[in-house]
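The values are calculated or read from the model by the stated rules, or taken from the named source; none is laboratory data. Treat the numbers as computed from the prediction; the structure is a model and nothing was measured. Positions of Cβ are generated from backbone atoms using ideal geometry, with glycine treated the same way; all protein chains shown enter the neighbour counts.
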Amino acid sequence: MGRGTFERWSIDIVGSIVALQQGSGPVYDDGASAPDGSIPVQDGLLKADDRCAMDWEYDRLTTATGMKYYAYPYADWWRTELIRHLISITLSKGKLLPFLSFWPAGIPAVAVISHDSDINKDEHAAATLQLLREVDARSTWCMLEPGYSSATYDEVKADGHDLCLHYNALDMEGGKWDEEAFRNQSKWLRDAAGIDRISSNKNHYTRFEGWGELYRWCEQNGIESDQTRGPSKKGNIGLIFGTCHPYFPVSDFMEGNRSYDVLEIGFLSQDLNHPELYDSSLVDPFLNIVRESEGVAHFLFHQVHIYNFEPVRQAVREVVAGARQRGFALWTVDEVNQWERARRSVSIAGVDESGRPVLEGEELPQATVVYVPVSADSSATDGDCEIKFGFVCRKYTICERNDG
């Protein structure tokens with residue numbers, strides 16, 4: 001290898017990450033239900049969780065109130081191991097490997113709340129708007145045709161919330177898994193809500209077929225992110241796809257294994273404290289693991305359940321309060337999408353004579369943080385250093401964030 005080295009792992013790290021995040025294969029039929037009956041995936045309805053690489057027995061934990069959940073961000077951990085190894089072998093050769101922080105300066109992780117309009121009654125929307133004003137949070141509204149009144153859309157937009165698509169491919173409701181149906185529903189939302197751009201989509205019932213069709217349809221309709229990959233059943237909530245980080249899905253070999261230009265931002269749960277689902281004992285473990293992983297804690301609450309159930313409204317309050325106590329930023333899905341795209345547009349050209357990183361990019365995101373590993377000894381740091389991936393790294397904030 002000349003002056004380099006050949007590093008061999010006995011694990012297919014990248015293949016494992018893809019299988020965790022996108023499923024063990026395309027969805028053409030029902031997946032297997034858990035033998036104990038706690039995850040009845042085999043229901044005759046094709047969904048994202050019909051291909052899940054997690055183990056129903058070994059990969060779930062249980063809260064004090066008996067709520068079972070997938071607890072481990074394996075895909076994120078494998079990425080961490082790969083990055084840690086790269087930093088280690090770089091330092092061993094006397095070189096530096098600078099890298100960008102996941103989030104802007106001062107933000108350890110991000111919390112997202114989204115809603116699916118489903119029953120489409122304006123009073124459900126009004127109750128949700130009232131609750132969000134109470135907790136001072138903005139959220140992402142995924143709209144199912146025929147949606148709300150124009151006056152409600154105006155209120156949602158005035159309060160700074162996202163208006164996104166809730167694509168319906170459910171046969172029993174007249175939906176169809178079809179490129180034309182996706183295009184028609186996208187056009188409906190733009191016309192009905194008076195918006196030029198649909199920033200994101202989440203499929204009704206987490207309907208999913210094949211491998212990359214959904215992402216191609218999003219690309220064709222100018223939709224930059226998707227939220228479909230999440231649990232459809234009570235027993236498989238949590239980190240069902242092994243990650244709490246946004247990522248760009250990869251195609252199969254028929255499209256050259258390219259990355260789709262659609263950022264996947266999966267969710268953890270639906271309607272905490274709903275009487276037929278799961279309780280809010282999951283809020284703390286979800287927020288804790290996401291903060292530890294520096295990822296996105298995405299909680300889904302339907303407007304109809306916010307309207308009907310005070311315990312569900314209380315769960316929203318718990319999510320917002322718990323996120324703020326841990327220093328999370330509360331963002332919309334589109335804010336996550338825009339930050340991640342801006343972050344990935346930045347290139348680290350090198351370091352100057354003082355060791356400060358030199359960045360290149362059309363427009364650097366505000367409060368961009370760069371870490372430069374300086375030592376494998378993580379036992380001590382000074383005021384300008386932090387431990388990242390197990391190494392002492394010098395921290396540089398390239399441009400300050402303007403919260404105004």
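Per-residue answers, yes or no, for (1) touching a Ser or Thr at 6+ places or on another chain (Cβ under 9 Å); (2) over 30 Å from Tyr260 (Cα atoms):
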{"position": "Ala342", "(1), (2)": "yes, no"}
{"position": "Ile348", "(1), (2)": "no, no"}
{"position": "Val351", "(1), (2)": "no, yes"}
{"position": "Ser354", "(1), (2)": "no, yes"}
{"position": "Pro357", "(1), (2)": "no, no"}
{"position": "Glu360", "(1), (2)": "yes, no"}
{"position": "Gln366", "(1), (2)": "no, no"}
{"position": "Val369", "(1), (2)": "yes, no"}
- Would you pick out the residues in region 10-19 that are assigned to a loop (DSSP other than H, G, I, E, B) and loosely packed, with under 11 Cβ neighbours inside 10 Å? Ser10, Ile11
- For region 93-125, which residues satisfy the criterion of being touching a residue at least 40 places away in the same chain (Cβ under 8 Å), more than 26 Å from the chain's Cα centre (by Cα) and not in a loop (DSSP other than H, G, I, E, B)? Glu123
- Message: If a residue must be among the polar types (S, T, N, Q) and either farther than 28 Å from Cys393 by Cβ or under 21 Å from the mean Cα position of the chain (by Cα) (or both), how many such residues does region 44-92 contain?
- Response: 4
- Item | Some residue of region 268-275 being charged (D, E, K, R), assigned by TED's automatic domain parsing to the domain that holds Val336 and within 19 Å of Gln21 (Cα to Cα) | no
- Query: Could we say that Lys202 is of a type in the set (Lys, Arg) and over 29 Å from Val250 (Cβ atoms) here?
  - Reply: no
- Selection from region 193-208 of residues part of a loop (DSSP other than H, G, I, E, B), more than 11 Å from Met143 (Cα to Cα), in contact (Cβ under 8 Å) with a residue 24 or more places away in the chain and not hydrophobic (A, V, I, L, M, F, W, C) yields Gly194, Arg197, Ser199
- Item | Residue under evaluation Glu255, criteria (1) touching a helix residue (DSSP H, G or I) at 6+ places or on another chain (Cβ under 7 Å); (2) without any contact (Cβ under 8 Å) to a residue 60 or more places away in the chain; (3) of a type in the set (D, E, K, R), criterion not met | (1)
- Task: Could you check how many residues of region 170-189 are crowded, with 17+ Cβ neighbours inside 10 Å and either out of contact with any Asp or Glu (no Cβ under 6 Å at 6 or more places or on another chain) or part of a helix (DSSP H, G or I) (or both)?
- Result: 5
- Selected residue (criterion: surrounded by the fewest Cβ atoms within 10 Å (Cβ to Cβ)) from residues of region 231-248 that are more than 16 Å from Asp59 (Cβ to Cβ) and under 11 Å from the mean Cα position of the chain (by Cα): Phe248
- Task: State which residue is farthest from Phe208 (Cα to Cα) when the search covers only region 47-77 and only residues that are out of contact with any Gly (no Cβ under 9 Å at 6 or more places or on another chain) and either without any contact (Cβ under 8 Å) to a residue 40 or more places away in the chain or among the aliphatic types (A, V, I, L, M) (or both).
- Result: Ala64
- Task: Just give me the residues in region 35-48 being surrounded by 12 or more Cβ atoms within 10 Å (Cβ to Cβ) and out of contact with any strand residue (DSSP E or B) (no Cβ under 9 Å at 6 or more places or on another chain), in sequence order.
- Result: Pro40, Gln42, Asp43
- Are any of the residues in region 146-166 farther than 30 Å from Ser280 by Cα and either assigned to a loop (DSSP other than H, G, I, E, B) or outside the structural domain of Met254 (by TED's automatic domain parsing) (or both)? yes
- Task: Would you mention how many residues in region 209-243 are of a type outside the set (Val, Ile, Thr) and either part of a loop (DSSP other than H, G, I, E, B) or not assigned by TED's automatic domain parsing to the domain that holds Glu179 (or both)?
- Result: 15
- Inside region 2-32, can you point out the residues that are on the phi > 0 side of the Ramachandran plot and without any contact (Cβ under 8 Å) to a residue 24 or more places away in the chain? Gly2
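From the list Val358, Val370, Val374, pick out the single residue that is in a strand (DSSP E or B), of a type outside the set (Phe, Trp, Tyr) and free of Cβ contacts under 8 Å to residues at least 12 places away in the same chain.
Of Val358, Val370, Val374, the one residue that is in a strand (DSSP E or B), of a type outside the set (Phe, Trp, Tyr) and free of Cβ contacts under 8 Å to residues at least 12 places away in the same chain is Val358.
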